[in-house]
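Asks: Pasting a structure here, questions to come.
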Amino acid sequence: MAKKKVKPKEEESDIDEEDLFGDEEIESHYPDVSKDSKNGNDAFSEDFSKEAEDTELEEGFEIDTGPELPDYKYLKLDMQKGASDNDYTLIVEGQSHGLCNIFVQHLLETEGVNSAAYKITKITPPEIFIRLEEGYKIKKILFKAIETLRAEVTEVQKIFKKLT
């Protein structure tokens, strides 16, 4: 008996093989990075600047770009009372030897501070230990130390501005 040749079954697919977008041209907002382009950023920046102007006009308001303010980094601080009434521990998260060292130096130069030191470990955040003389308040001492540090930093900034 003769056997029939078995043709492989064609799988049915839900996706039509015709082009989903037809002959429609798709706009791209990616920059032209080919070697032939003059400047790879030209097309990219022009497209977005035109769009920005269009949306600015459509929305009916302009964004006020006032004077640039400096970016401040705020410290995460925690204050704990030490063994005696004049001992304090200042916990400073996210800082390294740079800030702790210079701040302790300014604390030691401040009137009313008996001793100051810091400790940094990999397990806990940096800790600054402060021992005050009798009759001094910790808030006033910290404020004085920060003010002297701020004055020194602004003086250094002025010197660098003169150099440039």
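The values are calculated or read from the model by the stated rules, or taken from the named source; none is laboratory data. These figures come from a predicted structure and were not determined experimentally. Note that we place each Cβ from the backbone using ideal geometry, even for glycine, and neighbour counts take in every protein chain shown. Heads up: the accessible areas ignore ligands, DNA and RNA and are worked out on the full protein's heavy atoms, side chains in. Shrake-Rupley method; radii C 1.70, N 1.55, O 1.52, S 1.80 Å.
Asks: Working only within the range 118-164, note down all residues that are under 17 Å from residue 90 (Cβ atoms), among the polar types (S, T, N, Q) and over 25 Å from the mean Cα position of the chain (by Cα).
Replies: 148
Asks: Among what's in the range 152-164 and is open to solvent by 100 Å² or more (accessible area, probe 1.4 Å) and hydrophobic (A, V, I, L, M, F, W, C), pick the residue that is farthest from residue 101 (Cα to Cα). First the steps, then the outcome.
Replies: Here is the first cut: in the range 152-164, the ones open to solvent by 100 Å² or more (accessible area, probe 1.4 Å) are 155, 157-158, 160-164.
Okay, now just the ones that are also hydrophobic (A, V, I, L, M, F, W, C), so 160, 163.
Numbers: 160: 22, 163: 26 Å.
Selected residue: 163.
Asks: Within the range 111-128, take every residue that is out of contact with any helix residue (DSSP H, G or I) (no Cβ under 8 Å at 6 or more places or on another chain) and in a loop (DSSP other than H, G, I, E, B) and give me the one that is surrounded by the most Cβ atoms within 10 Å (Cβ to Cβ).
Replies: Once the filter is applied, the top-ranked residue is 125.
Asks: Within the range 129-151, take every residue that is open to solvent by less than 90 Å² (accessible area, probe 1.4 Å) and more than 13 Å from residue 110 (Cβ to Cβ) and give me the one that is modelled with the highest pLDDT.
Replies: Of everything passing the filter in the range 129-151, 129 is modelled with the highest pLDDT.
Asks: For the range 62-95, which positions are outside any strand (DSSP E or B), open to solvent by 70 Å² or more (accessible area, probe 1.4 Å) and modelled with pLDDT of 85 or more?
Replies: Matches in the range 62-95: 83, 85.
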